[in-house]
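Notes follow once the structure below has been shown.
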Amino acid sequence: MLSHDYVLVAATLWAGYLVYAFCKALCNPLNTIPGAWHAKFTTLPATLASLSRQQVQYYHGLHQRFGPYVRTGPNQVFVADIDAYKAIHRVGGRFFKAEFYHYFGPTEAGKPPYGLFQMTDPVAHAQRRKLLGTGFTATSLRREWEVMVQDKVAAAVEGMRGEARRHGGEVDVRKWWNLMASDVVSTIMFGKSFDSLKAGRKDPWFDEIKIATLAAFGALSFPWLYEVLKRLPVTGRSRYFHAHKSLMGKGMAAIENSREKTAEGSNTTANVFAKVLREADRGEGGSLTDADIAVEAGGFMIAGTDTTSNTLTYLVWAVMNNDDGGLQATLEHELQERIENDPSGVTDAALEKLPILNAVIEETLRLYGAAPIPLPRIVPPGGLELGGTTSPRGPRLQRKPTRCTGTRGSSSTLRSGECATSKAARSAFGPFGAGSRGCIGKHLAYMELRLGAAAFFREFRGCRLGGSVTVESMHMDNLVLMEPRGKTLKVVLPEEPL
C-alpha cells in the first residue's frame, strides 16, 4: 500500500508539472512571434539539426517559412533583419552575450576561466581586448609576423606540389591549407610551430578539439545528462569529458615562451603575449595571468585554424567552379601583373590593393562564412521592439542576417573589381562578427587569405578541379564551424616542365 501511495504522489507531481509547463507556455509573451508549434515547448528539433551538422540549413528554412523573426524555442528568437542586426550589434549597445559562449573554448564546457571569445561581461571583455589588441593590428602583424606567414604559405605550396608528383598530378588542397593555418597560429600563439607542414599531417591536438566541441554541445543541450554521465565510473573516464585538459595543457608552451623572453628583456617576439607582458613590466596597462595566457592561446588556435583553411578551400573551389573559367584566368592575370610590376616580392600591403583578388576574398567570405553559427544576445532590461516585434526582457536573440538582396558578385563584376551588392547586403556582411565583439584576429585572417590565394593561383596557373569534386562533396556541413561534406578538395595541378 505504501509503494502505491508513492507512485500516486509521483504521478500527481508529474501531472502537476506538465500542467504548469503547459500553462506557462500558453502565457509566454513570445507566443505572438511566428514559429513552429513545438518552439513553445522545446528547442530539441534545432538541437538535432545542429548535431546532424545542418544548423544553418535548418534555421534558413525557418526564416523562409515564417519570415525575419522566428520563434525557435520557449525563450529564443532568431532574427534575420538588417536594421535589427545593426541595432543589436552596434558599439555601446545593451545586448550582452548569452551564456552560450561559455561552452566553446579550451576550458571545460561552461566553466571558467574564460577567454576573449567566451567573455560575456562587456567591461572585462573591453579590458582584455585592449591588452591583446595591439598585437593584432595590421601594422603589427605585418611587422612581426608577415615573413613567417609567407614562409608557411610557401611551404604549403611546395607540399601541394610534392603530393601532386606522388599522386598523378592531383592534390588535396584543403589538407595543406589546414596544415599551413595550424602552423601559422601555433607560432604566433605558442612561440613554437606545430610543424604540421613538415610532418604532412595535423597535430593530434586537433582531434581533442573535435571531441571537446562535441562535449560542449552535449553540456549545452543536455546539461543534466552531461553531469550525470560525467560522474559515472565508466562513462566519466571517457575522452569526451577530459579533452579540454589537453587543450589547456598545450597552453603551457605559450606561458613558458612568453615568460622566458620577458625575463631576458628581449625585444624578440616569442609569441603575441610576450609584448603584453613586457608592457606590463614597464607599468603600461594591465597584464595576463598564466591561466589567461593558456586560455587565450588555446582559444585562438581553435578559432584561427579551420576557419582560415576552409575559407581558402572554398575560395579555390568557387574560383575554379566558375561557369566559363574566365574568373580564374582574370585572377591569374592580375597576379602575374603584380609580380611583373614588383619583382622584389609580393607583400600583404601590395596584395591588399588588387581589386580582383580582394573581391574574390570578400565574396567567398560572404557566401561561405567559416563560422555560420548564431550570435546569441540577451534582450536588455525593459524589453524592446524590433521590426514591429516586441520581445520581453530575457529571451535570447540569435542574429541570423539575410543573405544579399542585391545581385551576387558575378564573374564580370569580379573581373572589374566591383561587388554588385546592395547597401543592405554590405550592412549585413559580418563574417568576423560585428561591433565591439568582432573577431580580433580579422587582420591575420585577411593576411593568410591574401598571401595564400595569391601564391596558389600564381604558382599553379591553369589548374583544374579533380574529378571527385562535386557540388554535393562541397555542400556546407556545420556544427560550430563550416566544412565541405567531402572533407577534401582535390585539384589537378598543371604539368611541370621537363
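The values are calculated or read from the model by the stated rules, or taken from the named source; none is laboratory data. From a predicted model like this one, the values you see are computed outputs, not experimental measurements. Counting neighbours? That spans all protein chains shown, and the Cβs are built from the backbone with ideal geometry, glycine included. Side chains included, ligands, DNA and RNA excluded: accessible areas come from the protein's heavy atoms. Shrake-Rupley method; radii C 1.70, N 1.55, O 1.52, S 1.80 Å.
Applying the criterion of being among the small types (Gly, Ala, Ser) and in contact (Cβ under 8 Å) with a residue 12 or more places away in the chain to the residues of segment 109-139, the residue that is most open to solvent (accessible area, probe 1.4 Å) is ALA126. Considering segment 338-349, the residues that are among the charged types (D, E, K, R) and in a helix (DSSP H, G or I) include one that is surrounded by the fewest Cβ atoms within 10 Å (Cβ to Cβ), namely GLU340.
Considering segment 307-337, the residues that are open to solvent by 40 Å² or more (accessible area, probe 1.4 Å) and charged (D, E, K, R) include one that is nearest to ALA455 (Cα to Cα), namely GLU337. Considering segment 44-56, and only residues there that are in contact (Cβ under 8 Å) with a residue 40 or more places away in the chain and of a type outside the set (A, V, I, L, M, F, W, C), the residue that is most open to solvent (accessible area, probe 1.4 Å) turns out to be ARG53. For segment 85-108, filtered to residues that are of a type in the set (A, V, I, L, M) and over 24 Å from SER221 (Cβ atoms), the residue that is most open to solvent (accessible area, probe 1.4 Å) is VAL91.
Contact map, segment 479-494: residues that are open to solvent by 50 Å² or more (accessible area, probe 1.4 Å) paired with residues that are assigned to a loop (DSSP other than H, G, I, E, B) and of a type in the set (A, V, I, L, M), Cβ distance under 7 Å, separation 6+ or inter-chain. Pairs shown: LYS490/VAL469. Screening segment 393-498 for helices (runs of 4 or more DSSP H) wholly inside it with 2 or more residues that are over 30 Å from GLY218 (Cα atoms) and at pLDDT below 60 returns the ranges 411-415. For ARG165, the requirement of being buried (at least 20 other Cβ atoms within 10 Å of the Cβ) and of a type in the set (Lys, Arg) is not met. Beta carbons closer than 7 Å, at least 6 apart along the sequence or on distinct chains, never pair a first residue in segment 305-328 that is on the phi > 0 side of the Ramachandran plot with a second that is at pLDDT 95 or above and open to solvent by 10 Å² or more (accessible area, probe 1.4 Å). Scanning segment 350-380 for residues that are assigned to a helix (DSSP H, G or I) and open to solvent by 40 Å² or more (accessible area, probe 1.4 Å), which turns out nearest to MET476 (Cα to Cα)? The qualifying residue nearest to MET476 (Cα to Cα) is ARG366.
Within segment 140-150, the set of residues being open to solvent by 30 Å² or more (accessible area, probe 1.4 Å) and either of a type in the set (Asp, Glu) or touching a Cys at 6+ places or on another chain (Cβ under 8 Å) (or both) comprises GLU144 only. Against the numbered list (1) buried (at least 21 other Cβ atoms within 10 Å of the Cβ); (2) closer than 30 Å to ILE209 by Cβ, ALA291 comes up short only at (1). Once segment 199-250 is narrowed to residues that are β-branched (Val, Ile, Thr) and surrounded by 18 or more Cβ atoms within 10 Å (Cβ to Cβ), the residue that is nearest to SER309 (Cα to Cα) is ILE209.
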